[in-house]
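Worksheet for the structure shown next.
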Amino acid sequence: MPRHRGRRSDTSNKRSKDNRNFKVPRPQEVEPQGRQPPRTREVRTLLEGIGTPPPAPFKPDPFQLEALTALEFEDVLVTAPTGSGKTWIAREEIRRLIETGKRAWYTTPLKALTNSKYQEFSTEFGAEQVGILTGDRKENSDAPIIVGTTEIFRNQLFDSLRGGAEVNADLVVLDEAHYLADPDRGHVWEEAIILTPPRIRLLLLSATIGNAHEFAAWLEEVRGVRCGVITGPPRRPVPLRSAVLLPDKRLLPLLNEAGKLNPEIAQLIERSKEDREGRGHSRRRI
């Protein structure tokens, strides 16, 4: 069978012409990919020190050890900044309890946070030791450690009152305990605290309770059990650093060295406001 050399030749000629018209760029003419704007001194300061710290042996803070000691005799309210190790206190107390055949509940206000703690505790203690109870999950509910939403724990307390059975727990951790002040959901925490039998130790964790001693006094009044207040460090161990990423890929610190709003960001906000007002004025004219 004859080969279609003419068609092949046309293609070759076309490619040859294209190649003759193609200009190979010199190295300096090639646009670099992913080039980032130069970093200013402010940005260098913002990013300085960010990264994974070198490994070091864990050493509990004094407030963590103080909380563990107090839990042997009384309820405990721990107020400490985010990231300072409040969950470590709960984890170590739970470890101490299950080693002696006791049980614990860990409650949170959010299903996402509950799922996260369930994974964390399953890794720490073993999946067979941990169960989860939320509005849409019920797994291993007979486990010695139950992680669930505060609403579910409150519902179990109501069920125990109706049925005459005791809640099978020796410790209840109320994470994000400041939700007691929430206008819509605070009654759940209030009911959970009031209905929890005095024989069950309470450990309350929060980063934002300003009137901790007043809160503890109320706990003592409604439960008849002394409540100690443990205060953590005054500042976050890992400070927050706020910045704004602009469309041109520049990173601007939110605050300047004086702690005030970055002037360039303030100008962008003002310009955006003027643009919106201008568009609104044009629509009114039409």
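Read-outs: derived from the displayed coordinates by stated rules, not from any lab. This is a predicted model, so every value here is computed, not measured. Neighbour counts run over all protein chains shown; Cβ positions are idealised from the backbone, glycine included.
Roughly what would the spin-label model give for residue 95 and residue 277, points 7 Å off Cα along C-beta, in nm?
Once both label points are built, they end up 6.0 nm from each other.
Residues with beta-carbon under 10 Å from that of residue 134, excluding residue 134: net charge, scoring Lys, Arg +1 and Asp, Glu -1?
Details: positive: 111, 137, 138; negative: 136, 139, 151.
Net of charged neighbours comes to 0.
Quick one: which residues, 5 or more positions from residue 167 or on another chain, have an amide H under 5 Å from its amide H? H modelled 1.01 Å from N in the peptide plane, none for Pro or chain starts.
It is none; the list stays empty.
Taking H placed 1.01 Å from N in the peptide plane, check which residues at least 5 places from residue 106 or on another chain put their amide H under 5 Å from its amide H.
Residues meeting the criterion, in which the H sits 1.01 Å from N, are 146, 147, 148, 173.
Among the trypsin sites (Lys or Arg not before Pro) in region 178-286, which ones are in a DSSP loop with at most 14 other Cβ atoms within 10 Å of the Cβ? Mind listing them?
On the way: sites: 185, 199, 201, 223, 226, 235, 241, 249, 250, 260, 271, 273, 276, 279, 283, 284, 285; in loops: 185, 199, 226, 235, 241, 249, 250, 260.
When the trypsin sites (Lys or Arg not before Pro) of region 178-286 are filtered for loop state and at most 14 Cβ neighbours within 10 Å, 185, 199, 226, 235, 241, 249, 260 remain.
Give, as ranges by residue number, the residues of region 166-194 whose backbone N falls under 14 Å from the point 7 Å along Cα→Cβ of residue 208.
176-186
Placing unit charges on C-beta atoms (Lys and Arg positive, Asp and Glu negative, everything else neutral), compute the dipole magnitude of region 134-286 about its Cα centre in debye, rounded to 20.
Details: 22 positive and 23 negative charges, 185 e Å.
Using only the charged Cβ atoms, the result is roughly 880 debye.
Which loop GluC sites (Glu not before Pro) in region 107-203, with loop taken from DSSP, have no more than 15 other Cβ atoms within 10 angstrom of their Cβ? Walk me through the intermediate numbers first.
Values: sites: 120, 124, 128, 139, 151, 166, 176, 190, 191; in loops: 166, 176.
Sites meeting the loop and neighbour criteria: 166.
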